[in-house]
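Scroll down for the structure; my scribbles are underneath it.
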Amino acid sequence: MAELGAGGRARPPWLVWLVLALVTAILVATLGMAGSRRSQTAPPPSREAHQQIVARVIAAKDRQTLISNSPTRGNPAALVVLFVFADFQCPYCAISAAQMKPFVQAHAEDMLFVFKHFPLTQIHAEAEPAAISAWAAGQQGQFWLYHDGLFVHQNRLGEALYVELATAMGLDLEQFNRDRQSQTARAALTEDVALAHELKLQGTPAFIMNDLLIPGGAPVPLFEEIFKQVRQSLTPPSAGSTR
């Protein structure tokens, strides 16, 4: 469905194919970043098949289940929800976070941006400790600032940096360390990773706008175009319009 929690409102089928065509054309025409890839799930046979899997998984869950307790930015009531699945040790995620920030800020009133942890532990030794530290900072209302700090200082990921950032932000260090060691932190990461695997995501960053899969290497103008099309598909026709 095009709108999360829309009670079964159908997504125009042309929108999926438009998005797939745009993504394919731009990714073929440009050799931009592809993302870090190492997933435990087998890749779908094609982009179209992957899109169908994503749409099916999203449709099977309600909005609150999908968002859960994840960090968000923007309007909680927005019809458009953009999920990012990211790894703090992934260099492409750091680039993407900087590039996407103006887009997210520009649509703060009409979009909800949701962060999901997807640490690729097979190739990034600090991905999980960084994610848990960011989660712990979030328990004191500082997830996004900590998120930015981790990406800015990505070449220094490690215990010294995690404590340094928490100290610089004025976090309660006892609570920070307690939260990092909690089963709740592990459960939060496990929940995000389980969703990523269910969606058959193969690497980071990965984006899903409502139920449309957008590769992490897609340029910001493509996000703008997809956002425009999704918004239009969700806008009810005016009283005087004809179909």
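Test H50 against the criterion of being more than 23 Å from Q175 (Cβ to Cβ), more than 13 Å from the chain's Cα centre (by Cα) and assigned to a loop (DSSP other than H, G, I, E, B), and give yes or no. No: the conditions fail for H50. Only one entry in A134, A127 is touching a Ser or Thr at 6+ places or on another chain (Cβ under 7 Å) and touching a residue at least 12 places away in the same chain (Cβ under 8 Å), namely A127.
Annotation: R56 fulfils all but one of (1) under 16 Å from A196 (Cα atoms); (2) in contact with a strand residue (DSSP E or B) (Cβ under 9 Å, 6 or more places away or on another chain); the unmet one is (2).
Would segment 36-53 turn up any residue that is under 16 Å from G203 (Cα atoms), in contact with a Cys (Cβ under 8 Å, 6 or more places away or on another chain) and either modelled with pLDDT under 85 or among the polar types (S, T, N, Q) (or both)? Among the residues of segment 36-53, at least one is under 16 Å from G203 (Cα atoms), in contact with a Cys (Cβ under 8 Å, 6 or more places away or on another chain) and either modelled with pLDDT under 85 or among the polar types (S, T, N, Q) (or both), which makes the answer yes. Contact map, segment 92-116: residues that are without any contact (Cβ under 8 Å) to a residue 60 or more places away in the chain paired with residues that are polar (S, T, N, Q), Cβ distance under 6 Å, separation 6+ or inter-chain. Pairs shown: E109/N75; L112/T72; L112/N75; V114/S70; V114/T72; F115/S70.
The values are calculated or read from the model by the stated rules, or taken from the named source; none is laboratory data. Owing to the predicted nature of the structure, the values given are computational and were not obtained by experimental measurement. Methodologically, a virtual Cβ is constructed for each residue, glycine included, from the backbone with ideal geometry; neighbour enumeration extends over all protein chains shown.
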